[in-house]
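One structure is given below, encoded as structure tokens.
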Amino acid sequence: MGMTFEFSGLSDMMPDIDEVGIEMVEAAGPILVEKTKKAVQGVVRHEGESELVKSVTMSKPKKGKWGDFIVSAYFKGSSKTKTYRHTKTHRGKYAVSNALKAVWKEYGIPSRGIPAQPFIEQATAAAETEALDAMQDVFDKRVGE
């Protein structure tokens, strides 16, 4: 014998959880960007790399495939000072993307004797507590009403 329990009204008292999740990561995003810029600044060695710091920006918050909410700091645009030639065609010069320069900083280029200067984990760790607090504040204001 199956029993069921029905109730109504609870959903009217709760805010839309997707809206709350997006607001939470929107509050955390600027903190992650700020800490990433500081971490990148710590590994910048010359003027040509300073544009890497300026290129850090926040992605648009979104809901992930598994129901999680995501925002990230990423490196936008291309270098104004660094170019490369295509290795096979050797035609033209192309601007190096700031994301690629960030990868070079993070992991180094061993074949050219350029050591790794990891900064991503440092930025994430520096942002964690402050970002979680900002997200908790949003959650408390929206759900704890």
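Go through segment 38-47 and report how many residues are closer than 21 Å to residue 116 by Cβ and either in a strand (DSSP E or B) or without any contact (Cβ under 8 Å) to a residue 40 or more places away in the chain (or both). The number of residues fulfilling the criteria is 4.
The residue list 50, 79, 11, 111 contains one member that is in a helix (DSSP H, G or I), over 30 Å from residue 144 (Cβ atoms) and at pLDDT below 90, which is 50. Restricting the search to segment 118-135, which residues are more than 15 Å from residue 29 (Cβ to Cβ) and either exposed (fewer than 15 other Cβ atoms within 10 Å of the Cβ) or among the small types (Gly, Ala, Ser) (or both)? Selection gives 118, 121, 125, 129.
The values are calculated or read from the model by the stated rules, or taken from the named source; none is laboratory data. Note that the coordinates shown come from a computational prediction; the quantities given were computed from them, not determined experimentally. Counting neighbours? That spans all protein chains shown, and the Cβs are built from the backbone with ideal geometry, glycine included.
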